[in-house]
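J.: After the structure tokens below, expect a handful of questions from me.
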Amino acid sequence: MSTMHVNSTETGVTPIASLRDVWKTYKGEDYVLKGVSLKVRNGDFLCILGPSGAGKSTLLRIMGLLDRPSRGEVKLFGRSAAELSDNEAARIRLERIGFIFQSLNLIPHITIRENIEVPMYLKGMRGTERRKRALELLERFGLRHLADRYPHEVSLGEQQRVAALRAIANNPSLIIADEPVAHLDEDNAKLLFEMLRRLNREDSVAVVMATTSEEEAKVADKIYLLRRGVLRSKE
């Protein structure tokens, strides 16, 4: 069912993710992030653009509850990350956040359909429901013919799109994509971006993507520049 797109600048809408004055350093080294503030609202499609080593992955990991800031405030779905137990953070990652990384991490000895089912299995969904949901996702995005194949039997571009379907299997509110097309050719990159756009517009899923490419960044509604740990809006 289509829902109305919500712009990130709209007032009165509670952010699903919020970073305020976030700093991050590792073992006393120079700060990777320096006072980063960012809000993500339902229906946003945001891009973090910056060179390698700028801190993009660190920012996304903090937003996705995979890492903690050295100082500053992080909130996800109205809850302070600092107050979450490890189990609570893991549950939010499983049920409300979908991750797409450069490394696909597909399990080689199970089928494409079964790979998509993994997050649903971890959530406790019954087998019949898992299979139905996985097949519906494959059908929706034109990949139904891959259901019974194994990862090594499909192309890299198909593998990346399958990884995207796995990321949305549990109907997340937020997708975090860290350079998701870094290893894809132009045609396959376009297909993955079209998939993310459909999820954003049709399902109102918020997407936060990191890239080093100004051309790739154009898929987003709002672009932020990250340079030497400092984040600013690209006008």
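J.: Just to confirm a number: summing +1 for Lys and Arg and -1 for Asp and Glu over residues other than LYS34 whose beta-carbon lies under 12 angstrom from that of LYS34, what do you get?
T.: Overall, the nearby charge balance is +3.
J.: Ok, one more. Please report the antiparallel percentage of the DSSP beta bridges confined to the chain, to the nearest 5.
T.: 45
J.: Between TYR150 and LYS27, what length comes free when the chain is fully extended (0.36 nm per residue of separation minus the Cα-Cα distance, one decimal in nm)?
T.: The span from TYR150 to LYS27 would gain 40.2 nm if fully extended.
J.: Can you bin the stretch 75-127 into rounded, prolate or oblate? Criterion: square roots of the alpha carbon gyration tensor eigenvalues sorted a ≥ b ≥ c, rounded for a/c under 1.5, prolate for a/b above b/c, oblate for the rest.
T.: Prolate shape, in that a/c is at least 1.5 and a/b is the bigger ratio.
J.: Output the direction-averaged projected area (hull surface divided by four) of the convex hull of the alpha-carbon atoms of the stretch 106-235, in nm².
T.: Averaged projected area of the stretch 106-235's Cα convex hull equals 8.8 nm².
J.: Let me ask something else. I want to check the label-to-label distance for ARG61 and ASN105. Put each point 7 Å from Cα in the C-beta direction and report it in nm to one decimal.
T.: Distance between the two pseudo-spin positions: 1.2 nm.
J.: Treating only the Cβ of Lys, Arg, Asp and Glu as charged (+1, +1, -1, -1), what charge dipole size does the stretch 94-144 show about its Cα centre? Round to the nearest 20 debye.
T.: 140
J.: Now for a separate question. Among the listed pairs LYS27/LYS123; LYS75/LYS234; LYS27/LYS56; LYS34/LYS190, give every one whose C-alpha distance is greater than 30 Å.
T.: LYS27/LYS123; LYS34/LYS190
J.: Right, here's the next one. Rounded to the nearest 0.05, what FRET efficiency do ARG71 and LYS234 give with R0 = 30 Å and r taken as the Cβ-Cβ distance? Could you check?
T.: The formula returns an efficiency of 0.70 here.
J.: Given the options ILE107, ILE116, ILE168, which has the most mean-square fluctuation in a GNM of the chain, springs set between C-alpha atoms less than 10 angstrom apart?
T.: Maximum fluctuation in the GNM of the chain, among the listed residues, is at ILE107.
J.: Quick one: Debye curve from the alpha-carbon atoms of the chain only, equal weights, vacuum; give me log10 I(q)/I(0) at q = 0.11, 0.13, 0.17 Å⁻¹ to two decimals.
T.: Each listed q corresponds, in turn, to -0.55, -0.78, -1.30.
J.: OK, next. Any idea what the relative contact order of the chain is, in percent, if you count C-alpha pairs under 8 Å spaced at least 6 apart?
T.: 31
J.: For the chain, what does -39500 (n - 2.57) per DSSP helix run (n ≥ 4), summed and divided by total residues, give at 222 nm, in deg cm²/dmol to the nearest 500?
T.: One gets -10000 deg cm²/dmol as the mean residue ellipticity at 222 nm.
J.: Also, I was wondering about something else. Which residue fluctuates most in the GNM of the chain (Cα springs below 10 Å): THR14, THR128, THR25?
T.: The residue with the greatest mean-square fluctuation here is THR128.
No value in this document is a laboratory result; all are computed from the given coordinates. All values derive from a computational prediction rather than experimental measurement. Every residue, glycine among them, receives a Cβ derived from its backbone with ideal geometry; neighbour counts consider all protein chains shown.
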